[in-house]
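The values are calculated or read from the model by the stated rules, or taken from the named source; none is laboratory data. Quick caveat: nothing in here was measured; it's all calculated off a predicted structure. Neighbour counts run over all protein chains shown; Cβ positions are idealised from the backbone, glycine included. Heads up: the accessible areas ignore ligands, DNA and RNA and are worked out on the full protein's heavy atoms, side chains in. Shrake-Rupley method; radii C 1.70, N 1.55, O 1.52, S 1.80 Å.
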Amino acid sequence: MSGRGPLAALNPLAKLAAPLPAMLVVVFSRDLLLPTAFIVFALLVLLIGARLSARVVAALLVGLPIAALVLGFSFGVWVDPSSVAGPAASVVLFSIGDWSFTLAAYLVGFTTGLRILAILLLSLIAGVTSTGPEFVRAMVQNLRVPYRIGYTALAALRFVPRFGHELEIIRAAHRVRGTVRGRGPIAATRRAFGTAVPLLASAIRHAERVALAMDARAFGAHPTRTERFESPWRMRDTLFIAGFVAASAIIAWATWGR
């Protein structure tokens, strides 16, 4: 998704900690301007600090407005029209029987959608410029998380893409044997059960191989371990957090309740 960019040089924990105050502010906001401002701010940080491909940039610029409009309708449907006051409450967009979908309800849903998108974009600052191993190394080296826990969790996460690959192999084998015939929910359920057993067997075999490999390398035999790659906390990480929090505070002060 990303060619890394300048943000990749920062400690992953710095990129994770810096947007947290902004996310907290967005969660408790109730207006349109504040989450919109943080969406623009997060987009600028991503465009400047991460080398996103042209396809990803186009998807963000086009997909975000569409997602906001769709989320506004999805959340607005569940808003009780009688609980929303103001001039927009009298503007009925459409009605189904005794139920009316008002502009006020849509604006409430639209604001909720904007908050979700703002939180998502703020989380992408760390997500698209850091990998799972980098997060684990940073937590082990900087937060003193026991390496037994960190690297065991990382090994478990790496099971997921392997399961996807194994599932494709199982499905291809079923197609070769002609065992994927039929349509409808019953056939789909039969196919699901047909892939679950061999996938579970493959997962158990892979887990045993990983456990044997870790034991052969004396994983967990010592309280600490050496690291092939260092993840130090530098002054630029502190400056990034301070600058990001300061910019977030200015945005919140300028847009809160406006």
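Observations on the structure shown:
- Residue match in the stretch 42-56 (condition: open to solvent by less than 70 Å² (accessible area, probe 1.4 Å) and farther than 24 Å from residue 135 by Cα): no
- Residue within the stretch 163-182 that is in contact (Cβ under 8 Å) with a residue 24 or more places away in the chain, part of a helix (DSSP H, G or I) and closer than 30 Å to residue 14 by Cα present: no
- Failed item, numbered, when residue 5 is tested on (1) within 30 Å of residue 141 (Cα to Cα); (2) touching a Gly at 6+ places or on another chain (Cβ under 9 Å); (3) surrounded by 18 or more Cβ atoms within 10 Å (Cβ to Cβ): (3)
- Members of the stretch 203-258 found to be within 30 Å of residue 24 (Cβ to Cβ), of a type in the set (A, V, I, L, M, F, W, C) and open to solvent by 90 Å² or more (accessible area, probe 1.4 Å), listed by number: 233, 235, 239, 250, 253, 256
- Residue within the stretch 189-200 that is out of contact with any Asp or Glu (no Cβ under 8 Å at 6 or more places or on another chain), farther than 24 Å from residue 162 by Cβ and surrounded by 10 or more Cβ atoms within 10 Å (Cβ to Cβ) present: yes
- Top-ranked residue of the stretch 117-132 - restricted to ones that are in a loop (DSSP other than H, G, I, E, B) and open to solvent by less than 40 Å² (accessible area, probe 1.4 Å), ranked as farthest from residue 224 (Cα to Cα): 128
- Residue within the stretch 66-74 that is aliphatic (A, V, I, L, M), open to solvent by less than 60 Å² (accessible area, probe 1.4 Å) and modelled with pLDDT under 90 present: no
- Residue that is over 28 Å from residue 51 (Cβ atoms), modelled with pLDDT of 80 or more and in a helix (DSSP H, G or I), where the choices are 101, 110, 135: 110
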